[in-house]
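Everything on this sheet refers to the single structure shown next.
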Amino acid sequence: MVSIARVMRVAAPGGPIGRLGRWTHAPPALWVPALVVGLLLALPLVYLVIRTAGAGDDAWALLFRWRTVMILLRTVALVVTVTVASVLIAVPVAWLTVRSNLPWPRFWSVVAALPLVIPSFVAGLVVQVALGPRGMLQQALEPILGVTELPSIYGFPGAALTLTLLSYPYVLLPAQSSLRRQDPLLEDASRSLGHGRRATLRRVTLPMLGPAVGAGSLLVALYTLTDFGAVSLLRYETFTWAIFVQFESAFDRGVAAALSLVLVALAAAILAVEAVARGRARYHGVGPGAMAEPRRILLGRWMAPALALMAALGAVALIGPMGVLAYWVGRGLAGGQELISVWEPLLNSVLVAALAAIAAAVASLPVAALVVRYPSRFAWVIERATYTGFALPGLVVAISLVFFAVNLARPLYQTLFLLIMAYVVLFFPAMLAAVRTALAQVRPNVEDAARTLGRSPIATLVQVTLPLIWPGIASGIGLVFLLTMKELPATLILGPIGFKTLATATWSAASEAFFARAAMSALLIVLAAGVPLLLLRLRMGRATPAATPPVRQ
Amino acid sequence: MSLTRRALLRGGAAAAALPVLTACGESEVVIKEVEVERVVTVTVTRPPSEAQPLVIYSGRSESLVDPIIQQFRSMSGLDVQVKYAGTPALAATLLEEGDASPADVFFAQDPGGLGAVESMLSPLPEELLSRVPAWARSPQGLWAGISGRARVVVYNTDRLSPADLPDDLWGFTDSSWRGRLGWPPTNASFQTMVTGMRAVWGDDRTREWLDAMHANEIGIYPKNTPIVAATGAGEIDGGLVNHYYLHRFLAEEGESFAARNYHLPGGGPGSLVMVAGAGILGTAANRPAAEQFVDFLLSTVGQQYFASTTHEYPLVEGVKASRILTPLADINKPAIALSDLADLQGTQAMLREAGILP
């Protein structure tokens with residue numbers, strides 16, 4: 001089996017490198033960089049162990065209480081609900097935008113992906129103001145239907161709704177890029193073997209989505225696990241909320257660290273569930289095959305419901321929040337509020353988001369190649385380690401990096417470099433999920449063929465593998481870009497002194513009820529994230545021109 | 001850089017006026033306040049090399065304090081750099097940074113944040129400390145209060161009038177208030193108020209009150225602003241908050257915003273007045289500039305800023321509070337020494353026992 005990995009081995013200095021080589025049959029040029037990435041990304045875990053070891057008896061007394069179990073159960077209930085709901089929204093939307101003849105598919109793709117960029121404290125605030133018992137919806141309904149109060153959204157319903165709307169794009173993006181890359185010949189084979197269109201969808205197309213949906217669900221679950229902004233505003237007590245309470249009120253780092261380790265354990269359990277679900281299946285064809293544009297299926301009489309579904313999603317997930325934000329800006333302007341200059345934060349946001357996305361993409365390649373082409377216990381451990389940052393609240397990751405930078409890398413402290421590294425630590429799994437699933441769908445013998453035909457290892461990587469997995473890399477870059485745009489705690493703590501982004505500007509204004517200013521910055525986050533997303537989609541559209549005619553139903 | 005001030009901003013209620021730099025020599029800076037006919041002389045000795053910036057960690061939001069820091073920047077001519085984040089996050093950061101911290105000044109939202117890093121602070125000069133009353137500064141002289149905020153009951157004006165509200169906090173334990181109120185148990189000011197209750201009422205009575213309120217289904221909110229918002233919207237009838245958030249909402253939503261503040265006439269811990277404060281790090285690389293900054297915050301100009309812009313209570317004598325606030329003298333403040341408000345840990349344990357905190 002030839003692969004990126006073997007390509008890299010040739011480029012590297014030969015010879016056995018230490019004992020680690022025995023744990024994997026991957027070449028050192030692959031496993032060494034992968035190991036470095038894994039170790040850097042697991043730093044927060046080291047910090048938590050150090051701090052927990054220093055925690056007093058109080059910490060353990062706090063941990064082993066009935067209350068802790070109750071909060072864990074509440075958290076699990078939220079995680080399961082949000083994950084299932086996200087898959088139920090994302091899979092149909094992915095199929096409609098990639099495989100059906102829905103008009104303006106790229107427009108709908110961008111609209112459906114954008115909620116990802118709304119910071120969760122903004123989403124929490126918007127949901128509260130719009131759907132609260134006496135929020136905007138009630139105010140609108142009162143004159144028509146005489147509704148004086150809506151049922152309370154606080155607690156579980158509000159938190160689940162908000163987090164689902166914020167995080168279903170984690171499943172949508174990988175599912176779309178997986179559908180785009182699926183080998184249409186597999187479906188042709190299914191049809192020629194006598195399966196109808198629905199059976200093919202059920203037995204080929206959807207199962208092939210498995211890894212992408214699984215990887216995306218994992219991100220949704222972990223995002224829900226570590227969210228603070230939305231759950232605190234919608235008043236649902238989760239484990240992350242409990243950790244923040246420790247930071248907020250006790251300043252007891254030992255207790256906060258011990259609780260964070262429990263969160264890591266919970267995340268590990270979620271990872272295990274995903275690993276079992278993923279199993280050992282292969283997701284590329286074995287025959288010669290060819291990359292071809294997936295066929296689009298005509299919706300026929302299903303067109304109207306499909307359009308209605310997309311419009312409803314756009315209205316709830318995007319137009320609604322944007323409307324509330326625009327209303328705040330308008331009200332502020334009418335009331336003579338001064339808006340602040342947003343150019344500097346805007347430029348900073350775009351700069352760090354782009355740098356973080358590129359850095360994460362580069363770091364993800366060796367890990368993805370190791371995991372996909374050389375599966376072993378070693379690869380498994382490294383892959384799991386890279387989830388550390390995503391499984392922890394941003395504040396905990398930020399504080400842990402303060403610890404390492406101050407003690408071991410003083411010159412890096414409060415520099416852009418460390419901030420970018422923090423973003424990579426936080427968001428790496430979003431990138432890895434996209435790249436890994438893309439690579440899993442590339443048959444290794446395509447790379448073999450390039451080598452046989454005289455391409456050098458590097459040329460094979462650049463000319464064959466990277467173009468084939470580009471949709472995956474691009475969707476990973478898009479994801480990390482959007483996530484970085486809205487990141488708050490690490491930006492506040494680790495940014496160079498005086499460094500402002502749109503997210504910090506939004507937070508600074510919103511926390512003191514300067515709603516007009518906060519809304520202005522939040523709207524800009526969505527716009528600034530929407531433009532690159534649109535460009536990315538357009539480019540991808542051009543890269544694979546619609547060569548095949550749609551299939552008639 | 002060392003700095004001494006003479007004839008400093010003394011007396012009279014000065015209008016909030018921008019200080020204007022009229023002369024800037026090697027050793028003397030003259031600040032003239034435009035609206036008030038008064039000349040203030042500040043002596044500044046600048047050492048030959050002074051590239052060291054002043055680094056402030058501010059737990060107070062940029063939207064609240066950036067204007068006054070800008071003013072300090074232009075007045076002092078110093079390179080002032082500010083890191084903004086939540087007070088707890090900054091306290092945790094300072095603890096991790098330890099001696100390597102780049103910070104000179106910690107400007108915190110509440111005494112709890114300053115208390116968490118007390119071992120890292122070094123005492124302020126007596127001259128600065130003595131400008132604020134004893135109840136508004138650290139007993140060890142490690143930090144000084146910069147502005148005051150009062151605990152109030154914010155209430156919905158469509159549903160209630162002040163006549164409907166009780167005299168003190170015990171009134172809210174009546175079953176007629178079931179499910180109608182909100183509080184922020186994770187908020188530092190709230191916890192300080194509970195610590196005040198323990199000092200005045202004793203632990204048993206405090207626990208009794210907490211249990212009664214909890215049993216009365218008081219809503220748990222993450223902080224003050226959502227409570228004021230929910231009160232204005234009529235989602236709840238009222239809540240226990242700090243006074244100044246209301247004025248932000250009035251500025252944002254207009255006078256029609258349906259909530260106002262109520263100071264409990266019966267006094268007690270429900271009428272506690274607390275401070276936001278600032279301290280100087282023991283490791284400050286630029287201590288003279290740090291002292292100059294705290295000095296500026298405690299000057300007439302600095303105090304006027306907080307009085308007129310953030311609607312907090314000025315702490316330095318002679319500076320008047322905003323006219324729209326209930327005067328500090330009219331609030332029935334409990335007599336609690338600051339040292340009695342130190343036991344936050346005990347309060348948190350009590351809140352946990354009562355099932356109010358996790």
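Figures for the structure shown
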{"item": "Pick from region B:91-148, criterion of a type in the set (S, T, N, Q) and within 16 Å of the chain's Cα centre (by Cα), ranking: surrounded by the most Cβ atoms within 10 Å (Cβ to Cβ)", "result": "B:Ser147"}
{"item": "Residues satisfying the stated conditions in region B:236-256, i.e. acidic (Asp, Glu), touching a Phe, Trp or Tyr at 6+ places or on another chain (Cβ under 9 Å) and within 11 Å of chain A (Cβ to nearest Cβ)", "result": "B:Glu252, B:Glu253"}
{"item": "Criterion (surrounded by fewer than 15 Cβ atoms within 10 Å (Cβ to Cβ) and over 26 Å from A:Val245 (Cα atoms)) met by exactly one of B:Asp203, B:Asp164", "result": "B:Asp164"}
{"item": "Residue that is farthest from the other protein chains (Cβ to nearest Cβ), among those in region A:492-510 that are modelled with pLDDT under 90 and over 22 Å from B:Val55 (Cβ atoms)", "result": "A:Ala510"}
{"item": "Matching residues, region B:191-222, being within 8 Å of another protein chain (Cβ to nearest Cβ) and under 25 Å from B:Thr157 (Cα atoms)", "result": "B:Gly219, B:Ile220, B:Tyr221, B:Pro222"}
{"item": "Any hit, region B:143-157, residues being within 14 Å of another protein chain (Cβ to nearest Cβ), charged (D, E, K, R) and more than 30 Å from B:Gly282 (Cβ to Cβ)", "result": "no"}
{"item": "A:Val442 in contact (Cβ under 8 Å) with a residue 12 or more places away in the chain, outside any helix (DSSP H, G or I), crowded, with 17+ Cβ neighbours inside 10 Å and of a type in the set (A, V, I, L, M)", "result": "yes"}
{"item": "Any chance A:Tyr170 is at pLDDT 85 or above, of a type outside the set (Gly, Ala, Ser) and more than 20 Å from the chain's Cα centre (by Cα)", "result": "no"}
{"item": "Unique residue being without any contact (Cβ under 8 Å) to a residue 24 or more places away in the chain, surrounded by fewer than 24 Cβ atoms within 10 Å (Cβ to Cβ) and within 14 Å of chain B (Cβ to nearest Cβ) when the list is A:Arg455, A:Arg410", "result": "A:Arg410"}
{"item": "Inter-residue pairs, beta-carbon under 9 Å, first modelled with pLDDT of 85 or more and in region A:96-114, second assigned to a loop (DSSP other than H, G, I, E, B) and among the hydroxyl-bearing types (Ser, Thr, Tyr), 6+ apart", "result": "A:Ala112/A:Tyr168"}
{"item": "A:Val147 vs. criteria within 20 Å of A:Gly229 (Cα to Cα), surrounded by fewer than 20 Cβ atoms within 10 Å (Cβ to Cβ) and either within 14 Å of another protein chain (Cβ to nearest Cβ) or hydrophobic (A, V, I, L, M, F, W, C) (or both)", "result": "no"}
{"item": "Number of the condition not met by A:Leu165 [criteria: (1) at pLDDT below 90; (2) in a helix (DSSP H, G or I)]", "result": "(1)"}
{"item": "Answer from B:Tyr84, B:Tyr57 - the residue that is within 21 Å of B:Tyr305 (Cα to Cα), more than 8 Å from chain A (Cβ to nearest Cβ), within 17 Å of the chain's Cα centre (by Cα) and surrounded by 24 or more Cβ atoms within 10 Å (Cβ to Cβ)", "result": "B:Tyr57"}
{"item": "Spans of helices (runs of 4 or more DSSP H) in region A:210-250 with at least 1 residues among the hydrophobic types (A, V, I, L, M, F, W, C) and either at positive phi or within 14 Å of chain B (Cβ to nearest Cβ) (or both)", "result": "A:229-233, A:239-245"}
{"item": "Criterion: in contact (Cβ under 8 Å) with a residue 24 or more places away in the chain and assigned to a strand (DSSP E or B) - qualifying residue of B:Ile236, B:Ile146, B:Ile227", "result": "B:Ile146"}
{"item": "Residue among A:Glu383, A:Glu338 that is within 19 Å of the chain's Cα centre (by Cα) and acidic (Asp, Glu)", "result": "A:Glu383"}
{"item": "Region A:48-73 residues that are more than 25 Å from B:Thr93 (Cα to Cα), paired with ones that are among the hydroxyl-bearing types (Ser, Thr, Tyr) and surrounded by 12 or more Cβ atoms within 10 Å (Cβ to Cβ) (beta carbon under 7 Å, 6 or more apart)", "result": "A:Ile71/A:Thr238"}
{"item": "Output for region B:107-132, where each listed residue is in a helix (DSSP H, G or I) and in contact with a Lys or Arg (Cβ under 7 Å, 6 or more places away or on another chain)", "result": "B:Leu129"}
{"item": "Any hit, region B:269-286, residues being away from every other protein chain (no Cβ under 14 Å) and over 20 Å from the mean Cα position of the chain (by Cα)", "result": "yes"}
{"item": "Some residue of region B:211-226 being surrounded by fewer than 23 Cβ atoms within 10 Å (Cβ to Cβ), within 26 Å of the chain's Cα centre (by Cα) and within 27 Å of B:Phe306 (Cα to Cα)", "result": "yes"}
{"item": "Qualifying helices (runs of 4 or more DSSP H) (wholly inside region A:311-396; at least 1 residues being in contact with a Ser or Thr (Cβ under 8 Å, 6 or more places away or on another chain), surrounded by fewer than 23 Cβ atoms within 10 Å (Cβ to Cβ) and in contact (Cβ under 8 Å) with a residue 24 or more places away in the chain)", "result": "A:343-373, A:377-385"}
{"item": "Looking only at region B:27-54, and only at residues there that are surrounded by fewer than 21 Cβ atoms within 10 Å (Cβ to Cβ) and under 30 Å from A:Gly495 (Cα atoms), the one that is modelled with the lowest pLDDT", "result": "B:Ser49"}
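The values are calculated or read from the model by the stated rules, or taken from the named source; none is laboratory data. Here the structure is a predicted model, which means the values were calculated and not measured. Because the Cβ atoms are built from the backbone with ideal geometry, glycine has one as well, and the counts that use them run over all protein chains shown.
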